[in-house]
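Read-outs: derived from the displayed coordinates by stated rules, not from any lab. None of these values were measured; they are calculated from a predicted model.
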Amino acid sequence: MASAPRFKNIVWHCGTENEKFLQPTSVHHSQLAVLMDIRDELQTLNRIFACPNFTALPRDISKLRSEVSGIRRDLKKRGGGK
């Protein structure tokens, strides 16, 4: 599959038929570039969500919650907590 040229973060000027000379490329190319940018962002999100550090967050938060509640319980027993 041939690679299409990438035009990331470009301001696309899509004028009328009379203003075509102002367009850097066609409307079709601008739409394709936007779709490729969206695809890049989705791939980045997929990499982040697949990261072990990200997937471990719920477990780590639960562990932290139980540790904090244990500390609070101990403080109350000593008379130093709320």
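Full extension of the chain between A56 and V68 gives 2.5 nm of extra length, using 0.36 nm per residue less the Cα-Cα distance. Evaluated at q = 0.23, 0.28 Å⁻¹, a Debye calculation over the C-alpha positions of the stretch 30-82 (equal weights, vacuum) places log10 I(q)/I(0) at -0.84, -0.96. At full extension, S26 and R47 could sit 4.4 nm farther apart than now, given 0.36 nm per residue minus the alpha carbon distance.
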